[in-house]
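The values are calculated or read from the model by the stated rules, or taken from the named source; none is laboratory data. Predicted, not measured: the structure shown is a model, and the values here were computed from it. Note: ideal-geometry Cβ built from the backbone for every residue, glycine included; neighbour counts use all protein chains shown.
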Amino acid sequence: MPSWQTENVRTVGVEEELLLVDAESGRPRSVAGRILRQDASRREEREAESGPGGSLEHELQQQQVETGTPPRTLMGDIESDLKSWRQTAITLARRAGARVIASGTSPLPVEPRLFRDPRYERMAERFGITTNEHLTCACHVHVSVSSDDEGVGVIDRIRSWLHPLLALSANSPFWQGMDTGYASFRSQAMARWPSAGPTGVFDSVAAYRELVAGMVESGVLLDEGMVYFDARLSHRYPTVEIRVPDVCADTRDAVLVAALCRALVDTAAAEWAAGEPPLPVRTAMLRIASWKASRHGLDDDLLDPRDLRPRPAREVIEALVEHVRPALTANGDEALVDQQIDEVLARGNGASRQRATLERTGQLADVVAELARVTAGHDL
């Protein structure tokens, strides 16, 4: 297991799910198995160097892979790791006649093909079309915590602040060759799973564990890994795993999300330690807030995390940054976040960029080509 603990600054690891598309047509291709077989010969050497936190792995469908960075304390290292793992995936995909795009969903039509794995096959048997149609790509951010008690205290206190992360990262407007009307259609697809979405306040590890156990014992979920809360205790690492964001085409946006996630955890942990109660926000309203962020991204009002009243997206994003600014300053991330927030608010999130490309060229294949360039860092 990688080392997640440091004395002062919380470590962060980022998992990115990436789409594999045909180098010519831009439609998703089922080449994950071939890519992973190519990578297997160097896996032992890689893990000896970086630990199992650095990885290239399979995902639910054959048209995607997942990368994972090792735990880091510096955002510059996170950015380097993200670029390195993307380049690994790109190099291997090229040998299979494919390209890699960081997009929450495929702009072009696709027939998802399940990766051959006994667990995935059981999921398909149990959940039917929900499994078979599911081809989405998220960014999952792991932030270290000192204990499960602290972790649950954090989850209780960040729940109101997660939907602005979705609005910032929204990068999945197209699905099956059409504009869905959503900035993040990926989050809508995730909502089909019975365990997905925001949670209520737990107050204790015992209550958290009781709910997770009950969900598994119900016979609906296969295992704890299928607990798809917006934020959860990782079942593999001593971390809180924040699962709300779409995968970002631009690595700088992914680093922004990672820095904000760590600052949210820092801020919430301090509130928990001081005995400050979570905001009294109902889970049903958090679903409304998430839907609104999914529908409009940054192009309309968002709900203010403090009172769930609609306010301009810019004001809500600025409120998020101010809420965590002391943590950003302590972590050395303040300038990075301020600069990248200004960049995203000026040019739009990934969904806006995808739609702008389609408006300019009229071809979804050009959207895919642009995503491939940005994913590789060649068109910033």
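A few points about this structure:
- Inter-residue pairs, beta-carbon under 8 Å, first in contact (Cβ under 8 Å) with a residue 60 or more places away in the chain and in region 342-370, second exposed (fewer than 15 other Cβ atoms within 10 Å of the Cβ), 6+ apart: ARG353/ARG347; LEU364/GLY177; ALA365/SER25; VAL367/THR361
- Selected residue (criterion: surrounded by the fewest Cβ atoms within 10 Å (Cβ to Cβ)) from residues of region 112-129 that are in a helix (DSSP H, G or I) and of a type in the set (A, V, I, L, M): ILE129
- Residue match in region 86-95 (condition: more than 27 Å from ARG353 (Cβ to Cβ) and part of a loop (DSSP other than H, G, I, E, B)): no
- Taken over region 21-56, the criterion of being polar (S, T, N, Q), under 25 Å from the mean Cα position of the chain (by Cα) and modelled with pLDDT under 90 is satisfied by SER50, SER55.
- Residue count for region 239-262 under the criterion of being touching an Asp or Glu at 6+ places or on another chain (Cβ under 8 Å), in a loop (DSSP other than H, G, I, E, B) and surrounded by fewer than 24 Cβ atoms within 10 Å (Cβ to Cβ): the result is 1.
- Tally of residues being out of contact with any strand residue (DSSP E or B) (no Cβ under 9 Å at 6 or more places or on another chain) and under 19 Å from LEU221 (Cα atoms) across region 90-123: 3
- Subset of region 275-294 that is over 21 Å from the mean Cα position of the chain (by Cα) and not in a loop (DSSP other than H, G, I, E, B) - its residue that is surrounded by the most Cβ atoms within 10 Å (Cβ to Cβ): MET285
- All told, ALA102 meets the bar of being touching a Cys at 6+ places or on another chain (Cβ under 7 Å) and crowded, with 19+ Cβ neighbours inside 10 Å.
- Cβ-Cβ under 7 Å pairs, at least 6 apart or on other chains, region 276-302 side free of Cβ contacts under 8 Å to residues at least 60 places away in the same chain, far side assigned to a loop (DSSP other than H, G, I, E, B) and hydrophobic (A, V, I, L, M, F, W, C): MET285/LEU308
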